[in-house]
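The values are calculated or read from the model by the stated rules, or taken from the named source; none is laboratory data. Nothing here was measured: the structure is a model prediction, and the numbers come from that model. Glycine gets a Cβ as well: all are built from the backbone with ideal geometry, and neighbour counts include every protein chain shown.
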């Protein structure tokens, strides 16, 4: 029987590529750039961030980043649950894909609010 | 530094007398140009005629002498004793049932290999009298690397997914399915896709990549399977998003 | 007595400890935990943003607290490992052929690394003040 994994694998692969390109710089920027005094704290301040996210294209970019990161992680963790026998695959599907779906909806809703 | 002798620590199991496997130690002379297979043959010829193992060509073509050498899936005819320490542990290929000593049961692989139809399926109605179906060097180059598979099963022995999922078709069989799928003379993609694109096919692979690391012929099963996933996913989306299309 | 073929059992939870390539694989897979956790941290950031300036700056302060920095540090290491392992195996999935010529793996990986560098610089450039 044909598998439906291509759907989740495609999200995993797209998220894997996007996070490979973007995750290090984003974590560095948000996590370390201000404490290390590499950028002006105002660069990540409320006024600038809410101003930027009011632009639809920037909000959409943010949405794509969050959603694909989530589905990348969800699919890989589903595989790891299988690899290590954490719990049955059906549980992993509900748990990890459920978290990713909830996070996707939440970020979509919050980003509609910013625009 | 010259070595006089080396020790082989060999996995032994006789289904007629043993409930549990055991390890037997053999001291054998050291020769700089000996393969691990030569060392086993010395044991068989001079020390212990009861030792059972498969081998045939002695030149990495027949694919029958694969074993675990110090835990690594290896062709014993492609591994020199000089590259190991003074004690070499030899076990039957991991992930397969052991028939006796170093001989494993290959039935599971054989049936899975057959299930992906690893041969050219030519459905166009060109009669033989029209002559042979020609192929350009570029069309050959597409799949040439995958024809190197000798079914030695080292990739199955290295693959965690094969050991964790009993129904997984596994690296070599999926690679051969891909090899025929991308052959310009072949029309069998859809017949194979039912197996290849199933949960037991490419989608059970988590890209550990161990298959390609242990392959003695540079076939690179991991590449074939990842490219197979892309082809299979494209087929899936075309079928579901464009149901009117002919796929 | 004939016990038949011997089936050797593996440990479902510990098989990956047996060889370095399996340990590296498991580390690679678990990097996703931090990619996912970072995405959730961003969602929390968006939520705090919706509550106003004070809430948002409290979120930033939490990200820059000792615990936050410890998380960021591990997440950054995990993300870097993910990037390197992802780009290194990209040539297996992407095969570029022109006639009988096959683009070398190093070119395909190299293009990914170059893209990574460019994207990172671009992001830093866009966010600068």
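Here is how the numbers come out for the structure above:
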{"quantity": "Conditions (1) in contact (Cβ under 8 Å) with a residue 12 or more places away in the chain; (2) within 22 Å of residue B:74 (Cβ to Cβ); number of the one not met by residue B:195", "calculated": "(2)"}
{"quantity": "Selection from the range A:18-47 of residues that are more than 7 Å from chain C (Cβ to nearest Cβ), farther than 16 Å from residue C:63 by Cα and surrounded by 15 or more Cβ atoms within 10 Å (Cβ to Cβ)", "calculated": "A:18"}
{"quantity": "Single residue of C:111, C:77, C:62 found to be at pLDDT 95 or above, more than 29 Å from residue A:102 (Cβ to Cβ) and more than 7 Å from chain A (Cβ to nearest Cβ)", "calculated": "C:111"}
{"quantity": "Residues located in the range C:8-46, provided they are free of Cβ contacts under 8 Å to residues at least 12 places away in the same chain and within 8 Å of chain A (Cβ to nearest Cβ)", "calculated": "C:12, C:13, C:16, C:26, C:29, C:36, C:39, C:40, C:42, C:43, C:46"}
{"quantity": "Residue tally, condition under 25 Å from the mean Cα position of the chain (by Cα) and surrounded by fewer than 15 Cβ atoms within 10 Å (Cβ to Cβ), over the range B:1-22", "calculated": "1"}
{"quantity": "Meets criteria (crowded, with 24+ Cβ neighbours inside 10 Å and more than 19 Å from residue A:83 (Cα to Cα)) for residue B:196", "calculated": "yes"}
{"quantity": "Residues located in the range A:82-97, provided they are more than 14 Å from residue A:69 (Cα to Cα), part of a helix (DSSP H, G or I) and more than 10 Å from every other protein chain (Cβ to nearest Cβ)", "calculated": "A:90, A:91, A:92, A:93, A:94, A:95"}
{"quantity": "Residues that are out of contact with any helix residue (DSSP H, G or I) (no Cβ under 6 Å at 6 or more places or on another chain) and in a loop (DSSP other than H, G, I, E, B), drawn from the range C:59-94", "calculated": "C:64, C:65"}
{"quantity": "Members of the range B:124-157 that are assigned to a helix (DSSP H, G or I) and in contact with a helix residue (DSSP H, G or I) (Cβ under 7 Å, 6 or more places away or on another chain)", "calculated": "B:143, B:146, B:147, B:154, B:155, B:156"}
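Here is a yes/no grid of residues against (1) buried (at least 20 other Cβ atoms within 10 Å of the Cβ); (2) within 11 Å of chain A (Cβ to nearest Cβ):
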| position | (1), (2) |
| --- | --- |
| B:155 | yes, no |
| B:171 | yes, no |
| B:179 | yes, no |
| B:201 | yes, yes |
| B:214 | yes, no |
| B:232 | yes, yes |
| B:238 | no, yes |
| B:243 | no, no |
